[in-house]
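The values are calculated or read from the model by the stated rules, or taken from the named source; none is laboratory data. These numbers were taken from a predicted model, which means no experiment stands behind them. No Cβ is skipped: glycine too gets one built from the backbone with ideal geometry, and neighbour counts run over all protein chains shown.
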Amino acid sequence: MMRSIPMLVALTLGLLSDARAAQTPASGGLDPRITSVVYQRNNVVRVFATYGISTMIIFDEGETFETVALGDTESWDVVPTDKGNILFVKPRSC
């Protein structure tokens, strides 16, 4: 009995804490290609990309990019728009 109490406490705390896994965006009702995610601090959002197709990521109106940096510039095109809160991501073919 005494051993199961710490396990129960650990399990309960694990269920109550924020998930640290990637969040998959929910599809829109009218067009399944349009997905959205509500911002939550420390969440990672999975973005699906396909060769030859640009993915547009729109952030809130008040958000802007200061710097866009890539590790693999030969495999990806990442371009912010002049508006400042929209980012286009496109994988390049190898």
Those residues of the stretch 41-61 that are in a loop (DSSP other than H, G, I, E, B) and touching a residue at least 12 places away in the same chain (Cβ under 8 Å) come to a total of 11
What about Thr73, is it touching a residue at least 12 places away in the same chain (Cβ under 8 Å) and within 28 Å of Ser93 (Cα to Cα)?
-> no
The listed residue being at pLDDT 85 or above and on the phi < 0 side of the Ramachandran plot, out of Gly14, Gly62 = Gly62
Residues of the stretch 27-40 satisfying the condition of being assigned to a strand (DSSP E or B) and either charged (D, E, K, R) or loosely packed, with under 11 Cβ neighbours inside 10 Å (or both) | Ser36
Identity of the residue in the stretch 35-53, closer than 24 Å to Arg92 by Cα and aromatic (Phe, Trp, Tyr), that ends up farthest from the chain's Cα centre (by Cα) = Tyr51
Residue hits (the stretch 80-94; hydrophobic (A, V, I, L, M, F, W, C) and either at pLDDT 90 or above or under 14 Å from the mean Cα position of the chain (by Cα) (or both)) are Ile86, Leu87, Phe88, Val89
